[in-house]
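Right, one structure below, let's go through it.
The values are calculated or read from the model by the stated rules, or taken from the named source; none is laboratory data. All figures in this text were calculated on a predicted structure; none of them were measured in a lab. No Cβ is skipped: glycine too gets one built from the backbone with ideal geometry, and neighbour counts run over all protein chains shown. Note: accessible area is taken over every heavy atom of the protein model, side chains too, but ligands, DNA and RNA are not part of it. Shrake-Rupley method; radii C 1.70, N 1.55, O 1.52, S 1.80 Å.
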Amino acid sequence: MALFDLPLDELRAWRSTSTEPEDFDAFWDGTLREARQHDLDARFEPVDTGLSTVRVYDVTFAGFGGHPVRGWLLLPASAREPLPLVVEFVGYGGGRGLPHEHLLWASTGRAHFVMDTRGQGSAWGGGGGTPDPQGGGPAYPGFMTRGIDAPENYYYRRVFTDAVRAVEAARAHPLTDASRTVALGNSQGGGITLAVGALVPDLVAVAPDVPFLCDFPRATTLTDRHPYREIGLYLRTHRGRAADALRTLSYFDGVHFAARGRVPALFSTGLEDETCPPSTVFAAFNAWAHRDKAIEVYEFNDHEGGGPYQETVRMRWLDGRA
C-alpha cells in the first residue's frame, strides 16, 4: 500500500471532528471513583522462569468492578533500590504473553510492568489469562462494538480503568519508584497509553506508538482494515445507529484524552498504516496539550511503524526522564 492518507504537511495541521462530550471529565471521575471502592489487592508472586538477569513476578490486582487482572512485573536481578517504572499496554488481540517476551526495559535498568488485557490474549504472542466477566448487548465479533449501546457499557471503559489501576498496582511494589513512572504501548497499547496519560496526573512521560482508538469519526470511514472495520460491519446490520455509536466512542477517543495531556509525549506513525491511519494519529498528537511533544514519522511503513528503530528512539528519549 502506497501513501493513502493526507500529505504530511496537511497531517501536521489535521484536527479531529470528534465532538467531546460535555460530561467527559465527570464520566471518567465517576468511573475511577467507583473502581477505587474496591481494594487494589495487588499481589506479587515470584516466578521461576529460568531467566538469570531478571526477576519476574506474576501480578494480580483488582481492576474495573474489582475484577482480577493479571500482569507481569520484571526487575533487573540486581535491583535493591526503587527503580524508574515503565508500565506497558499491549496491542489488540494480545495478552501479557510470557515473561521472556518482555526483556527490553528491565535490561535498561528499569522496572517493567506489562498489563494483561481483559478478554484478549488469543490472537498472537504467548497469550493472556484475564477474563472479562462483564458482557454487553449485541456486538460484531471482536471487541470494538462490545457494549457500544452506551458509554457505561462499553468494553474500553473496563480496559482503561484496568490500566489506571495497573499503574497503581505497579507502584505498590517496593522496588518501583512512583515518582518516575512512564506509560507506553503500541497500537491498542498506544491508545490505552493516551487514556492513562490523561487519567493519571503524575506520570513523567508517555510514549504511544502508532496509537489505535483515535479520531473515530475519521478512522471508521477512512480504513476498511480491522479492528476499526468492526464498527462499520456492526452498523451495516444495525442501521441508523451511527450517531449513537459515535457518541459512545467519543468518551474513549484518544483525541479527547490527548487534550488533557500533562506530560512530555513521544508519538510515532507510519504513513502507509491502514490499521491506524496517520491522520488519526496526528489528530491525537496535534491535540496533545503539553508543549514537550514529538512524533517520529516512518514514510514507507505500515502498522509496524518504526519497529526496533522506534524502540531505540524511545530508549534514548526516556534517558534523563525516567
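Dipole magnitude for the chain: about 360 debye, using +1 per Lys or Arg Cβ and -1 per Asp or Glu Cβ, origin at the Cα centre.
For the peptides 66-78, 111-123, 84-96, residues were scored by their other Cβ atoms within 10 Å and the scores averaged per peptide; the highest-first order is 84-96, 111-123, 66-78.
Over all orientations, the stretch 101-230 has a Cα convex hull whose mean projected area works out to 8.9 square nanometres. With just the Cα atoms defining each centre, how far is the stretch 3-23 from the stretch 46-112? Give it in Å. Taking the Cα centre of each part, the stretch 3-23 and the stretch 46-112 sit 35 Å apart.
Could you point to the residue in 66, 26, 54 farthest towards the positive end of the stretch 23-118's charge dipole, with +1 and -1 charges on the Cβ of Lys/Arg and Asp/Glu respectively? Value: 54.
Stretched out straight at 0.36 nm per residue, the stretch from residue 294 to residue 53 would grow longer than its current Cα-Cα span by 83.5 nm.
Rounded to the nearest 20, the size of the Cβ-charge dipole of the stretch 198-300 about its Cα centre is 520 debye, with Lys and Arg at +1 and Asp and Glu at -1.
Here the stretch 237-302 is treated as a Stokes sphere of Kirkwood radius computed over C-alpha pairs; at 37 °C and 0.692 mPa s its diffusion coefficient rounds to 248 µm²/s.
Using the alpha carbons alone, the radius of gyration of the stretch 32-134 stands to its Kirkwood radius in an Rg to Rh ratio of 0.98. Based on C-alpha pairs under 8 angstrom that are at least 6 apart in sequence, the stretch 203-294 has a relative contact order of 44 percent.
Kirkwood radius for the chain, taken over all pairs of different Cα atoms as the inverse mean of 1/r, rounds to 19.5 Å. For the chain, the longest principal axis of the Cα atoms and the long axis of helix 188-199 meet at an angle of about 80 degrees. Here the accessible area of the chain is 50 percent carbon and sulfur, with a 1.4 angstrom probe and all protein chains present. With the biggest extent put first, the Cα atoms of the stretch 188-316 measure 48, 34, 19 Å across the principal axes. Dipole check for the stretch 1-103: with +1 at the C-beta of Lys and Arg, -1 at the C-beta of Asp and Glu, and the Cα centre as origin, the magnitude is about 440 Debye.
Ordering 277, 290, 250 by the projection of their Cα atoms onto the charge dipole of the stretch 212-322, which places +1 on the Cβ of Lys and Arg and -1 on the Cβ of Asp and Glu, puts 250 at the extreme positive end. The angle between the Cα long axis of helix 308-318 and the longest principal axis of the Cα atoms of the chain comes to about 70 degrees, rounded to the nearest 10. Three semi-axes describe the equivalent ellipsoid of the stretch 95-176; taken as square roots of 5 times the Cα gyration tensor eigenvalues and ordered largest first, they are 28, 16, 8 Å. Positive end of the dipole of the chain (Cβ unit charges, origin at the Cα centre): among 103, 221, 181, the Cα lying farthest that way belongs to 181. Summary of packing: across the peptides 132-145, 18-31, the per-residue average of other C-beta atoms within 10 Å ranks them, highest first, as 132-145, 18-31. Helical runs (DSSP H, four residues minimum) scored at -39500 (n - 2.57) apiece and divided by the length of the chain put the mean residue ellipticity at 222 nm at -9000 deg cm²/dmol. Excluding ligands, DNA and RNA, the accessible surface per residue across the stretch 117-264 is 32 Å² with a 1.4 Å probe.
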